[in-house]
1. Apply the Karplus parameterisation 6.51 cos²θ - 1.76 cosθ + 1.60, with θ equal to phi minus 60°, to every residue of segment A:45-57 and state each ³J(HN,Hα) to the nearest whole Hz, in sequence, with x for glycine and proline.
2. What number, rounded to the nearest 500 deg cm²/dmol, is the helix-based mean residue ellipticity at 222 nm of chain A, given -39500 (n - 2.57) per DSSP H run of at least four residues and division by all its residues?
3. Looking only at other chains, what is the average number of their beta-carbon atoms within 10 angstrom of each beta-carbon in B:204-214?
4. Report the full-extension gain for the segment A:Asn4 to A:Ser33: residue separation times 0.36 nm, less the Cα-Cα distance, to one decimal in nm.
5. What is the Cα radius of gyration of chain B over 2.2 N^0.38 Å, N being its residue count?
6. Go through B:185-198, B:298-311, B:397-410 and give me the packing order, highest mean Cβ count within 10 Å leading.
7. If you look at just the Cα atoms of the protein assembly as shown, how large are its Rg and its Dmax in Å?
8. Once you average over the residues of B:82-88, how many Cβ atoms of partner chains fall within 10 Å of each Cβ?
Amino acid sequence: MSYNPELLITAGNIDQVIKLIEAGASAVLVGESKFGSRLTGEFTLDMIEKVIEEVHKRGAKLYVSMNNMMDNKTVEMLPDYLKALASLNVDAVVYGDPSVLMAARVHAPQIKLHWNAEMTSTNYKTAEYWAKRGATRYVTARELNMDEIIDTKQKSDIELEVQVHGMTAIYHSKRHLLTSYANYQMDKKELKTLAGENNLFLMENDRPDERFPIYEDQYGTHVMSSDDICMLENLHELLEVKVDSFKIEGMLKSPEYNIAVVKAYRKVIDAYLANPQQYKFDDEWLDDIKALQDPNRELSFGFFFKEQVY
Amino acid sequence: MSTTVKRQRKYFGKRNRLDRPELLAPAGNLEKLKFAIHYGADAVYIGGQQYGLRSNADNFTFEEMKEGVEFANKYGAKVFVATNIYAHNEDLDGIEDYLKNLEDAGIAAIIAADPVIIETAQRVAPKLEVHLSTQQSVLNWSTVQFWKEEGLPRVVLARETSFEEIEEIKKHVDIEIEAFVHGAMCSSFSGRCVLSNHFTDRDSNRGGCCQSCRWKYDLFVDGDLVNADEDTPFAMSSKDLCMLEYIPDLIECGIDSFKVEGRMKSIHYVATVINAYRQAIDAYFEDPEGYELKPELLEEVNKAANRPLNTGFFLDEPGAEDHIYSAEEKPAPYDFAAVVHDYDAETGLATIQQRSYFKVGQEIEFFGPKGRFFKQTVEELYDLKGNKLDVARHPLEMLKIKTSEPVAAMDIMRKKIR
């Protein structure tokens, strides 16, 4: 079968799902906050039911994020939710807690499982471990560099998904740190409403150019990266080794921005596939993204070309 | 955390059969290992030269591990090794040899998070038990069941689990549960934080954590700074865990191993904390019905505390009072001063090794295992040649000191600093 990688993006509502597919996405990731964290929007079973046929009619796929670290109470709800997703024909479930695997084995054995434990998916042997236990795809940690991703792709047969655009999760606490801080600062009225806001960021003294989005939900506090990965001009390096899925993270971005990003990546993928040997990146392909990019957030290569120490 | 409020037994009826839990201590080096075990730890966990999450600790060589295991065996104690990194491809060569070496050294168990290490240990070093690290952030019984089915005899739960959740996990799955009961805590889910990677290019999940969660931050809403004055920046820094007041609850909810954090801490810290928990656990088993915590044990752990203490997630979710926002929180007014090497009952002189500056006239305390304890002031101090001294200023110098009560080798001397 000829190589035709997936272009995957997150979406927050039905309208976005359709528009992103029409812009060139081949798969869309949605979810609801009972089971998924850091979602682009709240996407209920009803919404999945309404949109799934439209998605499939367009030859695209709909995935559902269940990437929370589950507690005992949520574990009780997993069977019904997974059964519902299976009966709605969603194309895969994205998870990082083995309790999802345990429930899926019994209650939805036909559903595909994408292993995404975010920062802890760091080597190809661990990819194979989860594949043997039922995962059909491995999502690499955002902290891996290009050499490590290529090495992982070459050493294992499991489907590989790599995030190529957008922000990444860098800190997740079960603590409600914004509420705690507001309570600590009781006398300061403006702090009462910190929880649930999505217009907050942190800054660290020595790094005045970097703004780290922070927000709180029922599962605690999340801090996101200050930069947006953008691998558009180096995507061919990942295409050359046939990475199976390229993920765009759409959270905390405008719908227009996400559509522009999808179109840009679609253009690059199609140009490369049309003629891999002659492929050359055209700087102008970045223009539409740059035009909509928040000037306070750098478009970066993430960890793709970094050497980390420890 | 209040020291005066009497413990409310909120959660549990009495269980009929209770096993004595393991008291598991950190040991950053061979000396700390010996003190931890001497002061009552049933097991210690250490780091080797590779695959552990404390790349800055002076970690054990295989030779030191063997010596540690030999020492532990005399006390009937066990030695575990933390191999709790999330490995990258470049780390994979060598895991087999490393794990075989641990097995040969007599290590009882590894504490691992990455499946590649778990699977390799099961394959090449079957005598090593594999305990699932807290870095896997296990919160629920179904995930515990998964790891049990993978052949693991023990799971270290996420620090985010409550008494009720632990009890429910134990009800569902017959497996050893280990939980942190004392020490510093990540404020994030352990393993789910890459602040270090982003701020300093240091890989937190391979031991490079630079403790960015202890830094101060400015918080902005719509681009406007909201931490209204400079004294109270936004912070995510957690107070340290102390569950000493809840020993019956910890035992009765079924925790099999009580884990103390702190491979980077001093022997004074490890000895003080382990001593207190050992006494409390033993007192409970002597008389479960009539058990009450001796208040002096709580005083003791406070003397070694680096930060204010709290109860983590055991009772409820930590709030404003459980985080450190300003610099006003001062550490304990005591410090490690010396270690006893020998004692001469005839002269009443103890031979000690200096560990920090102290002087004649200073208030000091001696303590040893099982709660031996007394206070005195430094009155007579000599060097080994018998010259009288006013101050002990040389690191690791051997000295003689007159003690008001008998002491023994491995007793510890601390000084009052405020």
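Values quoted throughout were computed directly from the atomic coordinates according to the rules given, and no laboratory measurement underlies them. Being a predicted model, the structure only gives us computed values, none of them experimental. Neighbour counts run over all protein chains shown; Cβ positions are idealised from the backbone, glycine included.
1. 4, 4, 5, 4, 4, 5, 9, 4, 5, 4, 5, 5, 4
2. Computed ellipticity for chain A at 222 nm equals -10500 deg cm²/dmol.
3. Mean inter-chain Cβ contacts per residue within 10 Å come to 3.
4. So the chain would gain 7.3 nm between A:Asn4 and A:Ser33.
5. Compared with the compact-globule rule of thumb, chain B sits at 1.02.
6. Ranked from most to least packed, the peptides come out as B:185-198, B:298-311, B:397-410.
7. Computed over the Cα atoms of the protein assembly as shown, radius of gyration and Dmax are 27.7, 95 Å.
8. That average works out to 4.
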